[in-house]
1. Might you check whether a residue that is surrounded by 23 or more Cβ atoms within 10 Å (Cβ to Cβ), part of a loop (DSSP other than H, G, I, E, B) and among the aliphatic types (A, V, I, L, M) occurs anywhere in the range 112-134?
2. For Ile176, which of the numbered conditions (1) part of a loop (DSSP other than H, G, I, E, B); (2) at pLDDT 70 or above; (3) under 30 Å from Glu294 (Cβ atoms) fails to hold?
3. Please pick out the residue among Ser44, Ser64, Ser69, Ser22 that is surrounded by fewer than 19 Cβ atoms within 10 Å (Cβ to Cβ) and small (Gly, Ala, Ser).
4. If we scan the range 311-331, do we find a residue that is farther than 23 Å from Val179 by Cβ and surrounded by 12 or more Cβ atoms within 10 Å (Cβ to Cβ)?
5. Could you please let me know if Gln319 is farther than 15 Å from Phe175 by Cα and assigned by TED's automatic domain parsing to the domain that holds Val210?
6. List the number of the failed condition for Ile328; all other conditions in (1) touching a Pro at 6+ places or on another chain (Cβ under 6 Å); (2) at pLDDT 90 or above; (3) in a helix (DSSP H, G or I) hold.
7. May I ask you to say which residue of Leu152, Leu105 is surrounded by 18 or more Cβ atoms within 10 Å (Cβ to Cβ) and in contact (Cβ under 8 Å) with a residue 12 or more places away in the chain?
8. So, in the range 307-316, exactly how many residues are outside any strand (DSSP E or B) and farther than 12 Å from Phe175 by Cβ?
Amino acid sequence: MKFVDEAPIRVQAGKGGNGCMSFRREKFIPRGGPDGGDGGDGGSIYLEADENLNTLVDYRYTRSYNAESGKQGSGGNCTGRKGDDLVLKVPVGTTAIDVDTEETLGDLTEPGQRLMVAQGGWHGIGNARFKSSTNRAPRQTTPGKEGEVRNLKLELKVLADVGLLGLPNAGKSSFIRAVSAARPKVANYPFTTLVPNLGVVGMDGHRSFVVADVPGLIGGASEGAGLGIRFLKHLTRTRLLLHVVDMMPYDGTTPEENVATIDQELENFSPTLAQRDCWLVLNKVDLLPEADREQRCKELVEALDWQGPVFSIAAISKQGTGDLCTEIMDYLQECWQAEEANPELAQQESQRREQMQQEARERIEELREARRRGSSSEDDDDDWDDDDYDVEVVYTRD
């Protein structure tokens, strides 16, 4: 199965049924009067969040959806049957956008949540409705209205509290394996992770949070290089970013250079996302000589002039991961409690997320337009914009 996080579709709600023109004619009742019934309403189209789905791949192959039209009214004051609504199942975290107006119709963030994306047409009126003291035999009826037609773009963004940033092979997948039940592929080569992974980190009691691992970034990602540009948008819903840094880079670079690379790519992609709270996680410290370990980490923090929290871990052996998760859980709970007590904070957070999503959408569209114009390098063989990028789905919620 392919992981697809965007899909364009066309939806057309059902047409309302026409009103009926009829007069009652029975034995011994030659002039029974008008009895034409109304038509039925057309069916509407809804999106419904389904927690059992994790990709929009079905909407890549079937892109047009029509709801049932309402039936015409009939004599005897019989109303036509209403058209059945059409419910389209989508993964939790899906956003529906009207392509023509660029309006965001809504986000589906809870299992079972529904969003109407096309209103069914209203029914027509039968001639019985036009009867009056001065119009005893009306011949007026009205036709049913056409249903709404929309061209939509469905966007799937993972619903996570914490997002992992870092270069390929920084140890993001090892971290998510260490702290959750998710089992993404881990190997000693770049781009082992090809699609987002979700892991639920269970703490004491009933406390838990969700962490998202996305494919690693590389230099030039904000210009379309590598896989990261396809999945950076998934971090726009997160509340906290963890910048995972390899303290022993395999390619001869320095941790300082790698941190600067990621910071620059994040700023180019979405300035608002770059301002999101971010913690520095120094990974693979177990590979450093024990005598120099603390000093090396201190020198890195000073060189970066890092102002936020810093943690040293060895994800492969779970060294330091427990303390980090405890700090994350406390931080998230403080945020949730503050927003619950102050609705203005919750509104500000919602606006920030909308701004990040808009910046991400605009950046991706710019790159797609540039690619369509042929401005990309001829030897650029990346597939970030390939809708049919064929990978195995390891997007997991345990």
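The values are calculated or read from the model by the stated rules, or taken from the named source; none is laboratory data. For clarity, every value in this text was computed on a predicted model and none was experimentally measured. We place every Cβ from the backbone using ideal geometry, glycine too, and count neighbours over all the protein chains shown.
1. No, the range 112-134 contains no residue that is surrounded by 23 or more Cβ atoms within 10 Å (Cβ to Cβ), part of a loop (DSSP other than H, G, I, E, B) and among the aliphatic types (A, V, I, L, M).
2. (1)
3. Checking each option against the conditions leaves just Ser64.
4. Scanning the range 311-331, I find no residue that is farther than 23 Å from Val179 by Cβ and surrounded by 12 or more Cβ atoms within 10 Å (Cβ to Cβ), so the answer is no.
5. Answer is no for this residue.
6. Status for Ile328: all satisfied but (1).
7. Within the list Leu152, Leu105, the selection yields Leu152.
8. 3
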